[in-house]
Amino acid sequence: MKASRFKIVMLMATAILMVFVAACGNSGSNGNTENTQTNDPAAAEEGNGSEETQTEAPKEPVKVIWWHSMGGELGKVVTQLANDFNAAHSDIQVEEVFQGTYDESLNKMKASMDAKSGPSLIQVYEIGSKFMIDSKAVTPVQNFIDADSYDISNLEENILGYYKFDDQLYSMPFNTSNPVLYYNKDMFKDAGLDPANPPKTYEEVTNAAKALTKDGKTGASFAIYGWFMEQLFANQGAEYVNNGNGRTASATESQLNSEAGVQTVTWLKELLDSKTALNLGRKTDDTKKAFLAEQIGMTLDSTGSLRGIVDGAKGKFEVGTAFLPRPAGASDGGVVVGGASLWILNNKPEAEQQAAWEFIKYLAEPKTQAQWHINTGYFPINKQAYDEQSVKDNLVNYPQFQTAIDQLHATKLSPATQGAVMGVFPEARQIVEGAMEEVFTGAKDPAKALDDASKAITDKIATYNKTVQ
């Protein structure tokens with residue numbers, strides 16, 4: 001009996017203890033509210049108060065990987081733009097990654113597409129546009145423009161003209177340039193030429209080069225660069241490929257061997273044969289060095305090189321700039337914008353694509369474009385950037401840039417000046433440069449070299465078109 005009573009007492013004590021522990025657990029502010037229920041309104045209110053002390057973990061910012069091809073001083077400006085954006089946006093963080101040349105970057109993107117290890121945003125040179133569209137790897141920025149009712153009326157029409165296809169903007173222009181004629185004003189004066197009246201036509205360039213060639217100096221040197229050939233076509237109103245320069249339908253034939261091409265290459269060959277121009281090869285860096293060393297009086301180069309050329313000539317001579325020359329009597333034409341644009345990849349989550357679009361909008365703002373322009377020499381794509389005081393001050397220091405602005409605005413938009421479109425453009429440029437070298441070395445006459453090059457490009461276009469059908 002004593003043992004039975006002892007068991008009963010122990011069972012009662014255990015029950016009382018369990019009730020006590022449960023009561024203590026329910027009343028504590030750190031109790032597990034998920035497993036604790038109460039019908040007491042006061043207790044519920046107390047529980048809510050305790051939840052307010054538990055702060056929600058901050059969301060991770062959306063990361064945007066931006067691949068670009070801006071090295072050296074240009075790369076430093078890109079880094080600054082990304083840093084400035086990141087400082088103002090806690091919800092988005094852009095990581096800019098230099099990927100080498102445009103060709104190298106594009107090849108890396110191709111290799112990354114299946115693995116989805118590539119960027120959210122990529123800078124692609126203008127001649128890569130058709131490949132990017134045909135790749136079906138991008139979300140057109142037009143989608144974001146339409147969704148946001150984003151106003152593009154302040155962006156340069158002649159720049160948008162290049163990147164619009166079927167009236168859609170697939171990418172956003174970023175770094176934009178065109179070629180100008182650079183000339184040494186001091187050499188012009190010494191040769192009896194008017195430095196305020198630079199040559200405008202092929203024929204006037206020839207005459208100026210003859211006058212400048214003396215005292216161990218040569219009149220001109222123009223790099224063997226396919227981009228210059230494309231520009232000299234457009235400046236005559238001539239189309240580089242068929243089907244409206246590849247804009248009304250996919251191009252099927254090169255028109256390199258047209259009258260515009262033969263006339264241009266013949267003119268350049270005559271300059272070399274008369275010893276009034278030097279052949280310094282394919283690199284514009286080499287013609288630039290010769291110009292700054294006052295070995296030549298004229299050269300062609302990008303507006304993106306303007307600041308470096310003007311600064312390099314300080315204390316030695318005054319640099320003049322002029323429109324790209326054209327044949328006398330040529331029909332209306334103009335320049336094609338060069339440079340690159342920004343593409344959003346569609347294999348990334350929607351939030352990441354939207355974040356990339358927010359960064360693109362930031363880059364297109366007038367103040368950002370002003371900063372980009374004065375530190376690089378590239379055009380502002382936003383016309384309102386010219387109202388920024390920094391840009392006005394920059395034009396005072398570099399009045400030569402006004403030529404580039406005037407040339408862009410004087411260009412009449414047409415299929416010729418919008419620029420050719422073909423999926424094999426990088427290869428086509430190499431073929432063109434090879435043909436020019438054959439002419440300049442005397443291996444082929446202009447017509448034969450351009451016929452052969454045109455056929456080679458046409459064959460490559462046909463092969464490419466089959467792959468995208």
Please report the carbon-and-sulfur percent of the accessible area for the chain; probe 1.4 Å, protein heavy atoms only, DNA, RNA and ligands left out. 51 percent
Among THR441, GLN168, PHE291, whose Cα sits farthest toward the positive end of the charge dipole of the chain (+1 at Cβ of Lys/Arg, -1 at Cβ of Asp/Glu, about the Cα centre)? THR441
FRET efficiency estimate (nearest 0.05) - Cβ-Cβ, LYS63 to THR441, R0 56 angstrom: 0.65
In the chain, whole DSSP H helices that both stretch 27 Å or further along their axis by alpha carbon positions and average at least 1.0 on the Kyte-Doolittle scale are 2-27
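I need the peptides 143-149, 97-103 ranked by packing, meaning the mean over residues of other C-beta atoms within 10 angstrom, with the highest value on top.
Numbers: 143-149: 13.4, 97-103: 15.3.
My ranking of the peptides, most packed first, is 97-103, 143-149.
Tell me the relative contact order for the range 325-432 as a rounded percent, counting alpha carbon contacts under 8 Å between residues six or more apart.
Rounded, it is 32 percent for the range 325-432.
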If the limit is 27 Å between Cα atoms, which of LYS283/LYS314; LYS314/LYS383; LYS108/LYS460; LYS185/LYS275 go over it? LYS314/LYS383
How far apart, in nm, are the 7 Å Cα→Cβ label points at ILE152 and THR467? 2.7 nm
Surpassing 26 Å at the alpha-carbon level, of the pairs LYS210/LYS269; LYS214/LYS288; LYS63/LYS116; LYS164/LYS367; LYS316/LYS412, are LYS316/LYS412
How much solvent-accessible surface does ILE133 expose, in Å² to the nearest 10, with a 1.4 Å probe and all protein chains in place? 40 Å²
Quick one: which residues, 5+ away or cross-chain, put their amide H under 5 Å from the amide H of VAL241? H built at 1.01 Å from N. GLN255
Quick query: amide H of VAL64 versus all other amide H atoms, modeled in the peptide plane; which residues come in under 5 Å with a sequence gap of 5 or more or a different chain? GLN93, VAL94, GLU95
To check my understanding: the extent here is largest minus smallest coordinate of the Cα atoms along each principal axis. What are those three numbers for the range 61-138, in Å, largest first? 35, 28, 18
Give me the Debye-computed log₁₀ of I(q)/I(0) at q = 0.13, 0.18, 0.21 Å⁻¹ for the range 130-245, equal point scatterers on Cα only, no solvent, two decimals. -0.73, -1.02, -1.23
Starting with the highest mean, order 169-175, 326-332 by the number of other Cβ atoms within 10 Å, averaged over the residues of each peptide. 169-175, 326-332
So the FRET efficiency between ILE405 and LYS110, C-beta based with R0 = 35 Å and rounded to 0.05, is 0.45
Relative contact order %, the chain, counting alpha carbon pairs below 8 Å whose residues are six or more apart: 22 percent
Which lysines have a Cα less than 21 Å from the Cα of LYS455, not counting those fewer than 8 places away in the same chain? LYS130, LYS444, LYS466
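Given the Cα-Cα distance of ALA328 and ASP273 and 0.36 nm per residue of separation, how much length would full extension add, in nm? Mind showing how you got there, number by number?
Working: separation 55, 0.36 × 55 = 19.80 nm, distance 2.09 nm.
Answer, rounded to one decimal: 17.7 nm.
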Report the semi-axes of the equivalent ellipsoid for the chain in whole Å, largest first, where each axis is √(5λ) for an eigenvalue λ of the Cα gyration tensor. 65, 25, 18
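What is the dipole size for the chain, taken about its Cα centre, with +1 at each Lys and Arg Cβ and -1 at each Asp and Glu Cβ, in debye to the nearest 20?
1000 debye
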Binning at 5 angstrom from zero up to the longest distance, how are the C-alpha pair distances of the range 157-216 distributed in percent? 4, 15, 20, 12, 8, 7, 10, 11, 8, 5, 1
Cα point-scatterer Debye curve for the range 292-381, base-10 log of I(q)/I(0) at q = 0.14, 0.15, 0.19, 0.20 Å⁻¹: -0.75, -0.81, -1.01, -1.06
Given backbone amide H placed at 1.01 Å from N, residues whose amide H is under 5 Å from that of GLY339, ignoring those fewer than 5 places away on the same chain, are GLU126, SER177
Length-normalised contact order of the range 58-216, Cα under 8 Å, at least 6 apart, in percent, tallies to 17 percent
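The values are calculated or read from the model by the stated rules, or taken from the named source; none is laboratory data. Just so it is clear, the structure is predicted and the values come from calculations on it, not from any experiment. Ideal geometry is used to build each Cβ from the backbone, glycine not excepted, and the neighbour counts take in all protein chains shown. Only protein heavy atoms, including side chains, enter the accessible area calculation; ligands, DNA and RNA are left aside. Shrake-Rupley method; radii C 1.70, N 1.55, O 1.52, S 1.80 Å.
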